[in-house]
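These notes are about the structure you will find just below.
We did not get these values from a lab; they are worked out from the coordinates using the rules stated. All of these numbers come straight from a predicted model, not from anything done at the bench. Don't worry about glycine lacking a Cβ; one is built from the backbone with ideal geometry, like all the others, and counts go over all protein chains shown.
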Amino acid sequence: MPRKNIGTSPYTFLTVDETTEMVNRAKEGDQRAFTKLFDRFKPIMYTIIRRRCPGQSHEFYEDEVVSFLGDILGRKIDQFDRSKSQFSSWVTFCFNNWINSIPKRKKRIETE
């Protein structure tokens, strides 16, 4: 079972084995596993984007993080290969690529 931090922290903490189990269950379509992974990685992704894109609004950060996690956990989780990396490393690498593509996506929206 995933462990909650004792105290008032809203963060979910999972071991590597628990994360792997949640990934496998999410690949099979388990909504609870998806939610646990989402809760686990949302604060991490939020911190990364705040550091990489300073001066943006809270809504911007929230939109990008939720869009990314919905995309990666919903459609692209099958691309994860445990033999190549841990899930946390893979999802962080993917998020950094997502952040790098923000200017290109914004430009495409403005020109349409």
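If neighbour count is taken as other Cβ atoms inside 10 Å, put K106, K76, K42 in order from fewest to most.
Result, fewest neighbours first: K106, K76, K42.
Counting other Cβ atoms within 10 Å, keep those with at most 10, restrict to DSSP loop, and tell me which GluC sites (Glu not before Pro) in the range 15-50 are left.
E28
For the chain, what number of Lys pairs, 8 or more residues apart or on separate chains, have alpha-carbon atoms under 16 Å from each other?
5
Sorting L14, L37 on the 10 Å Cβ count, fewest up front, what's the list?
L14, L37
Please order I44, I77 by the number of other Cβ within 10 Å, starting at the fewest.
Going from sparsest to densest Cβ surroundings: I44, I77.
In percent, what relative contact order does the chain have, based on Cα pairs under 8 Å that are 6 or more apart in sequence?
So the answer I get is 21 percent.
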